[in-house]
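Asks: Just dropping this structure here.
The values are calculated or read from the model by the stated rules, or taken from the named source; none is laboratory data. Because the structure is a prediction, the values reported are computed rather than measured. Reconstructed Cβ throughout: ideal geometry from the backbone, glycine too, with neighbour counts over all protein chains shown.
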Amino acid sequence: METSLERITRDLKKLATFNETPGEGVTRSAYSKEDREARNYLISEMKKLDLDIYEDGFSTLFGRREGKNPDAPVIMIGSHYDTVYHGGAFDGTAGVVAALETMRVLTELDIENKYPIELLLMNAEEGETFGPSTGVSNSRAMVGTLTEEELRTVKNRHGQTKLEAMKAYGVTPNLDTAKRLPGSLKNFIELHIEQGPILEQEKKDIGLVEYIPGIGRFKIFFRGRAQDSTALMANRKDALVAASQFVLFLNEWISSLGKGITGTVGQLSITPNSNQFVPHEVIATVEIRTFDTTTTTPKELKDCLLTELANIQNTTGVETYLEEMGRIGYSNPTNPSVMNAENVEKMKSICEQLGYSYQIINNGTGHDAMMMTEFVPTNMIYVPSKNGITHHPDEWTDYGDVKKGADILLHLVADICK
Ligand SMILES: [Zn+2]
C-alpha cells in the first residue's frame, strides 16, 4: 500500500499555479481569487472520490468519507493551502496534497473504515496575512476560540478586516456553527514541511513530533529623557541602560528556571539610535518558549517581569511599560502542544516497516495541529525542507519526500480507522 508520486507531483505543481505573484514565489492569500481557484481544484479532485463535500461556518472546506459507523468520531487529516506573500509551494500545501492522496488510496483499495475520515482543507493559517497572532484561524474556529472581535479588527495588506475579506470572498462567517463538539473528533493528523534544516542535515526522511513548545511574546517599552551625549552622567535617564539591565535579568532568571522554558530578547529598537544622543526610548521584544506547564504559570511569569521592571524604573528613573502580544483568547505563553504518544509509536514502526529513516523533532513553529492538541488526540509528520528555507520563493521539498510522508500518513490512517 503506497501513495502515488505522480499524483502528488501533479497536485503540487497544479496548486502552485494558483498564484498572485508568478515568478516571485507563490502568493495565495486567504480569501483571494487564488484561494478560490485552489479551492475549486481541490473540490474537483474530491468529487472524483465521491466524498461528501461541505464547508463549516468559517468556510473551512471538508471532504468526508463516511464510516461504517457514521456516528463514530471523525479522523481528520489535512493542512492549509494559503501561503504568505511571496512564499513557497510546499508550506501547508504539502500536507493538503498528502491528505488528498491518502484519501485517494483509501478509495482505490476500498479500505473499510469504521470511523468517518475527513479531509480538512484550510485557507487561513498564515498569520502574516492579517498580522501577528491572527493565523491558524480555521482550527481556532473549530475549537471555538476565534472571536468576533478579531474578525472585526485585524486587517490584511489591502486594508480589509477579516470580516470584510471573507464577505468579499462570498462568505458570511458564523462562528457558532463552525465549532466542533468536544468528542466529535477521534484524531487530527497533519503533515507539514519541517521549516527547518534538521532532517536534511541528519539525512532523515521523516520527522515525528512529540510536542510543540508553547509561545509567549511581550513588548517592553523603556522611556527615558532626550539628552545629548554631553549630559552629565548623574543627570541621565538612559533608556538603553535600563533595557540592558532587563536583558541581563531575563537571561539570568529564565536560566535559573531550568530546562522547561527559554526566554530571549531578540529585538531592540533604539531611539534616536545615534552616537550623539542618549537613547530616550527603547522597545524590546521578548519571546518565551515553554516545554512543560509545570515550570511557571503565565501569571507568575508576567508578575515577575512587572516586578523587575518596577525595580528598574526605581533605580534608573526610566519609565517602563509592558505590553502583551498574545493571541486573543489564549494564555501568554500558550501551553505546549503535546501530541498523541501512541500514534508516534505507531509511526515509528511504520517508518521501520517501509524502510524510511526518522527522527523526533520538537522545536517546531506554529501550526493548526498545535491548536487542536487540547481538543483531540493530534499528530504531526514533518518532511524535509531544503536548506531549512520557508516562507520564501526558494522554499523546496523534493516531491519524493512528500510522498514518503504521505505514505506514513496513509498507513497510520489505515491502521486507526478500523
Ligand atoms: Zn504552514
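Asks: Would you confirm, using the coordinates I've provided, whether LEU109 is closer than 24 Å to LYS13 by Cβ, assigned by TED's automatic domain parsing to the domain that holds GLY25, in contact (Cβ under 8 Å) with a residue 40 or more places away in the chain and away from the ligand (no atom under 13 Å from the Cβ)?
Replies: no
Asks: Before we move on, is PRO116 out of contact with any helix residue (DSSP H, G or I) (no Cβ under 7 Å at 6 or more places or on another chain) and crowded, with 17+ Cβ neighbours inside 10 Å?
Replies: For PRO116, the condition - out of contact with any helix residue (DSSP H, G or I) (no Cβ under 7 Å at 6 or more places or on another chain) and crowded, with 17+ Cβ neighbours inside 10 Å - is met.
Asks: Among the residues that make up segment 59-78, is at least one of them within 16 Å of the ligand (Cβ to nearest atom), crowded, with 24+ Cβ neighbours inside 10 Å and either outside the structural domain of SER29 (by TED's automatic domain parsing) or modelled with pLDDT of 95 or more (or both)?
Replies: Looking for residues that are within 16 Å of the ligand (Cβ to nearest atom), crowded, with 24+ Cβ neighbours inside 10 Å and either outside the structural domain of SER29 (by TED's automatic domain parsing) or modelled with pLDDT of 95 or more (or both), one finds at least one in segment 59-78, hence yes.
Asks: Could you look through segment 331-363, keep only residues that are small (Gly, Ala, Ser) and closer than 25 Å to GLU300 by Cα, and pick out the one that is surrounded by the most Cβ atoms within 10 Å (Cβ to Cβ)?
Replies: Among residues in segment 331-363 that are small (Gly, Ala, Ser) and closer than 25 Å to GLU300 by Cα, the one surrounded by the most Cβ atoms within 10 Å (Cβ to Cβ) is SER337.
Asks: Go through segment 103-206 and tell me which helices (runs of 4 or more DSSP H), entirely inside it, have 1 or more residues that are small (Gly, Ala, Ser).
Replies: 137-143, 162-169, 175-178
Asks: Could you list all residues from segment 368-389 that are within 25 Å of VAL143 (Cβ to Cβ) and crowded, with 21+ Cβ neighbours inside 10 Å?
Replies: Across segment 368-389, the qualifying residues are ASP368, ALA369, MET370, MET371, MET372, THR373, VAL376, THR378, ASN379, MET380, ILE381, TYR382.
Asks: Just to be sure, is TYR54 surrounded by fewer than 22 Cβ atoms within 10 Å (Cβ to Cβ), in contact with a strand residue (DSSP E or B) (Cβ under 7 Å, 6 or more places away or on another chain), under 30 Å from GLY144 (Cβ atoms) and at pLDDT 95 or above?
Replies: yes
Asks: For GLU352, indicate whether it is of a type in the set (D, E, K, R), assigned to a helix (DSSP H, G or I) and more than 16 Å from the ligand (Cβ to nearest atom).
Replies: yes
Asks: Among the listed residues LYS186, LYS203, LYS259, LYS179, which satisfies the condition of being assigned by TED's automatic domain parsing to the domain that holds ILE350, surrounded by fewer than 18 Cβ atoms within 10 Å (Cβ to Cβ) and away from the ligand (no atom under 16 Å from the Cβ)?
Replies: LYS203
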